[in-house]
Amino acid sequence: MPERKSKEKYDIPLYRKPFLSIEEAVAYTGIGRDKLYELTNPEDCPFVLWIGNRRMIKRRVFDEYIEKCYSI
């Protein structure tokens, strides 16, 4: 019987990933999903990377942005 190749899943901690999906960013920061969408909507948002219609958050840039914020 031939061996079936399974999809490899990489378990990388969120704090090590360079880019986070919105759902990962929610888990990473504790900031709500709707608030993250609101923060990433502007065209000049420095910590969002668009891949087609999908938005990814540049984790390091986002960390720096949050460090400078008083409130969001």
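(1) surrounded by 11 or more Cβ atoms within 10 Å (Cβ to Cβ); (2) of a type in the set (Phe, Trp, Tyr); (3) at pLDDT below 95: which one isn't true of Phe47, the others all being true?
For Phe47, the exception is condition (3).
Yes or no, residue by residue, for (1) β-branched (Val, Ile, Thr); (2) not in a helix (DSSP H, G or I):
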| residue | (1), (2) |
| --- | --- |
| Ala25 | no, no |
| Ile31 | yes, yes |
| Asp34 | no, no |
| Pro42 | no, yes |
| Trp50 | no, yes |
| Met56 | no, yes |
| Phe62 | no, no |
| Ile72 | yes, yes |
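Any chance you could count how many residues in the stretch 7-40 are among the β-branched types (Val, Ile, Thr), in contact with a strand residue (DSSP E or B) (Cβ under 7 Å, 6 or more places away or on another chain) and in contact (Cβ under 8 Å) with a residue 24 or more places away in the chain? Give the steps one after another, and end with the answer.
The first filter runs over the stretch 7-40 and keeps only residues among the β-branched types (Val, Ile, Thr), leaving 12, 22, 26, 29, 31, 40.
After this cut, where a residue has to be in contact with a strand residue (DSSP E or B) (Cβ under 7 Å, 6 or more places away or on another chain) as well, the list is 22, 40.
Keeping just the survivors that are in contact (Cβ under 8 Å) with a residue 24 or more places away in the chain gives 22.
Number satisfying all stated conditions: 1.
Taking the stretch 24-40 as the region of interest, how many residues are loosely packed, with under 15 Cβ neighbours inside 10 Å and acidic (Asp, Glu)?
Number of matching residues: 2.
The values are calculated or read from the model by the stated rules, or taken from the named source; none is laboratory data. If you're wondering where the values come from, they're calculated on a predicted model, not measured in any experiment. Glycine gets a Cβ as well: all are built from the backbone with ideal geometry, and neighbour counts include every protein chain shown.
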